[in-house]
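Only one structure is covered here, and it is reproduced in the block below.
The values are calculated or read from the model by the stated rules, or taken from the named source; none is laboratory data. Nothing here was measured: the structure is a model prediction, and the numbers come from that model. Glycine gets a Cβ as well: all are built from the backbone with ideal geometry, and neighbour counts include every protein chain shown. These accessible areas exclude ligands, DNA and RNA; they are computed on the full protein's heavy atoms, side chains included. Shrake-Rupley method; radii C 1.70, N 1.55, O 1.52, S 1.80 Å.
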Amino acid sequence: MNIVVLVKQVPDSGAERTLSASDNTVERGSANNVINEMDEYAIEEALKIKEAHGGEVTVLTMGPERATESIRKALSMGPDKAVHVQDDALHGSCAVATSKVLATALGTLNADLIICGAESTDGRVQVMPHMIAERLGIAALTGARKLTVDGAQLTAERQTDEGYEVVTAATPAVVSVWDTINEPRYPSFKGIMAAKKKPVQTLSLADLGVAADEVGAAGATSAVVEFAKRPVRTAGTKVVDEGEGGVQLVQYLVTEKFV
Amino acid sequence: MAEVLVVVEASQAAGVKKVTLEMLTIARGLGEVSAVVLGGEGAAAQFAEKLGEYGATKIYAGEGEEVDGYLVAPKATAVAELVKLVQPAAVLIASSQEGKEIAGRLAVKLDNGLLTDAVEVAADGTATQVVFAGAAIVKSKVTKGLPIVTIRPNSITPEPAPASPTVEQLTVVATDADKLTKVVERVAEQKGSRPELTEASIVVSGGRGVASADNFKVVEEIADLLGGAVGASRAAVDSGYYPHQFQVGQTGKTVSPQLYLAIGISGAIQHRAGMQTSKTIVAVNKDAEAPIFELADYGVVGDLNKVVPQAAEEIRKRK
Ligand SMILES: Cc1cc2nc3c(=O)[nH]c(=O)nc-3n(C[C@H](O)[C@H](O)[C@H](O)COP(=O)(O)OP(=O)(O)OC[C@H]3O[C@@H](n4cnc5c(N)ncnc54)[C@H](O)[C@@H]3O)c2cc1C
Ligand SMILES: Cc1cc2nc3c(=O)[nH]c(=O)nc-3n(C[C@H](O)[C@H](O)[C@H](O)COP(=O)(O)OP(=O)(O)OC[C@H]3O[C@@H](n4cnc5c(N)ncnc54)[C@H](O)[C@@H]3O)c2cc1C
């Protein structure tokens, strides 16, 4: 099975994140950049499927030059090769434009299965898999907490607010995964060394035949008008339980009219 | 006045969800409100009264197997066709997983911008989004096409504005590509009569400190006494204490209730990401240095196994 995993580099969600004052886009220069966590689960799922059914795993990333670090990190887990769509004109792309670029790149990769994270930790827009499926006219099985591959037939448990749905489709398809689906492996030393030699193909917008004004800030379908930091929350009252902590807590809830 | 389409979020079991009422309320500031019901046979009839109560003057009903038997895509097709037909001033959709997915497909079909997770939409279509775990507030605009905006639950207080909606049946013709993913089963997992996590005005969450799945009954008991929903930290979910769909945080649900009660949760930045826009935050933790106290309006330093049952008992006494 020919599998492509979508991997996005994002600012570390464990550190403070902000927008750039100059153009209201994500401040990536100062942020510590990592692989979007959910995408590590996508990589793991792809590797498991390859191990069970054979095939090849390709990592696809759209992002600036420094996304190379995340690509190497992804490759060190075990995928065979990577494609990096990199072009200065992509800076500031909205979700609609991002899906156009990714779908165009995917069009050249002939994937049976495309696996991605259910959402990124920065944008959290949660739309990429369906946007890509819409553009490619292929199936989407999203929000999977379990995936079964039987030949060309895919069955996923899709998590919902009420429980789950069982959804099925045949390949080619896009599957997005939650972090409950597996436990991503740690790269081994051997894997890290091997990753340095794995092929990474860099594609520009011209290579893909996408016009520069359809993407990036120039082609954005939405724009941030202004942003402000939210006031930081401050600590209120803190009491130490000396036998009456539960009662004190309820007294507070009563004053605040929750009880 | 132009129509504003509100894509209804509802379920057989829960009825019309609160986020829908919020959307109807917001939509009234943007134009003439039309609700779009997409679901199984009879869905519109089931929800019409509630939708009218909150100001829908028209209901478009796209019902049946053609809509309900496949994942998301036919719903997006139905909304896209309707947009072409009525040229609305805006489309509002719930910021749930499915809502965002419909919005995403819709944006591609119409080659239109979209804004997700808005908490407010001004009359000119400018949306307010809370981003980066509640660290920043962003005002944004769709610059290509009409505003397609997904609304985060618990953003505003829904206000009734009674109307008597007319119902218009839509003929939804799903394309072959729309029918590629079949929904073969829908399974409701036990959650009792508790309100839904993202919509609840009170959320009580337990963390690793709760120490076992069995002991989560301490959390559930006080949640039920307060009429709240139950949430969990990722550590609690990963340890198997509570199911993943109740996880609050960066990789779980974002909640914004009136009261958030954190029990045995340290307050890691990724947990805060899902709860720090809550109106009031109360924490119980045995470690006085736990970061959760930095944002708690009221904190009790103590053993949750003593403090929480005592609080439950006290609430019972006062009832
Ligand atoms: C705070 C914030 C708010 C935003 N709000 C909006 C908005 O309202 N509307 C809008 O149009 N855009 C918005 N954006 C821009 C949007 O996040 C980017 O266009 C982004 O590349 C796509 O959205 P996502 O990462 O949220 O995708 P999601 O749909 O959340 O990502 C799902 C998966 O898609 C894959 N993926 C996503 N991007 C890439 C990539 N570049 N390369 C490889 N794989 C990828 C990953 O596997 C990821 O796990 C926002 C960005 C930020 C930082
Ligand atoms: C990319 C990424 C995404 C993440 N997404 C999420 C997310 O969505 N949601 C989330 O919650 N986390 C998330 N995390 C994990 C997060 O970093 C923390 O590990 C997690 O929130 C910790 O959960 P906790 O507070 O329950 O556990 P701990 O940090 O272990 O805290 C347990 C607390 O319980 C207290 N305690 C113990 N026993 C008692 C007792 N008897 N009485 C009172 N107090 C007691 C302790 O003092 C401690 O403060 C994410 C992490 C990463 C890297």
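Before moving on, here are some points about what is shown:
- Computed over chain B, the ratio Rg/Rh where both radii use C-alpha atoms and Rh is Kirkwood: 1.01
- Distances between placed amide hydrogens fall under 5 Å for residue B:90 paired with B:5, all partners being 5 or more residues away or on another chain.
- Within the accessible area of region B:243-319 (1.4 Å probe), percent carbon and sulfur: 49 percent
- ³J(HN,Hα), Karplus 6.51/-1.76/1.60, whole Hz, each residue of region B:99-111, x for Gly, Pro: x, 5, 5, 4, 4, x, 5, 4, 4, 5, 4, 9, 6
- Radius of gyration and maximum dimension Dmax of region B:202-318, Cα, Å: 12.5, 38
- Across the protein chains, with a 1.4 Å probe defining accessible surface, the residues A:66, A:145, B:208 rank B:208, A:66, A:145 from largest area downward.
- Cα gyration tensor category, rounded, prolate or oblate, for region A:2-219 with a/c compared to 1.5: rounded
- Separation of region A:1-51 from region A:217-253 is 26 Å, based on Cα centroids.
- Degrees separating the helix B:73-86 axis from the principal Cα axis of chain B, which is the longest one: 50 degrees
- From the largest down, the protein assembly as shown spans 70, 65, 49 angstrom on the principal axes of its Cα atoms.
- Test item: Cα-centred dipole of chain A, Lys/Arg +1 and Asp/Glu -1 on Cβ, debye: 560 debye
- Difference of contour (0.36 nm per residue) and Cα-Cα distance, residue B:86 to residue B:143: 18.5 nm
- Probing with 1.4 Å while keeping every protein chain in the model, the per residue accessible area of chain B equals 37 Å².
- Global size of region B:121-240 as Cα Rg and Dmax, reported in angstrom: 20.6, 53
- Look at the dipole of the protein assembly as shown built from charges on Cβ: of B:5, A:82, B:142, the Cα furthest out on the positive end belongs to A:82.
- Spin-label proximity, residue A:190 to region A:70-114 - amide N less than 13 Å from point 7 Å beyond Cα toward beta carbon: A:78
- Degrees separating the helix B:217-226 axis from the principal Cα axis of chain B, which is the longest one: 60 degrees
- Dipole of region A:2-219 [Lys/Arg +1, Asp/Glu -1 at C-beta], most positive-end residue of A:219, A:53, A:127: A:53
- Between region B:29-91 and region B:114-154, the alpha-carbon centres lie 21 Å apart.
- The magnitude of the dipole of region B:3-179, with charges of +1 and -1 set on the Cβ of Lys/Arg and Asp/Glu and taken from the Cα centre, is near 580 debye.
- Inter-chain neighbour count for B:203-212: the average number of beta-carbon atoms from partner chains within 10 Å of each residue's beta-carbon is 0.
- Two-site FRET efficiency, residue A:48 against residue A:212, from Cβ-Cβ distance with R₀ of 56 Å, rounded to 0.05: 0.90
- Prolate/oblate/rounded call for region B:47-122, Cα gyration tensor, a/c under 1.5 rounded: rounded
- Rounded D (µm²/s) - region A:91-245, Kirkwood Rh over Cα pairs, Stokes-Einstein at 10 °C, 1.306 mPa s: 83 µm²/s
- Across peptide B:295-308, the mean count of Cβ atoms from other chains lying within 10 Å of each residue's own Cβ comes to 6.
- Dividing the summed -39500 (n - 2.57) terms of all DSSP H runs of n ≥ 4 by the residue count of chain A sets its mean residue ellipticity at 222 nm at -8500 deg cm²/dmol.
- Tail beyond 19 Å, pair distance distribution of region B:1-112 (Cα, percent): 38 percent
- Degrees, to the nearest 10: B:43-53 long Cα axis against longest axis of chain B: 80 degrees
- For the listed peptides B:261-269, A:84-92, B:122-130, a ranking on the average number of other beta carbons within 10 Å per residue, highest first, reads B:261-269, A:84-92, B:122-130.
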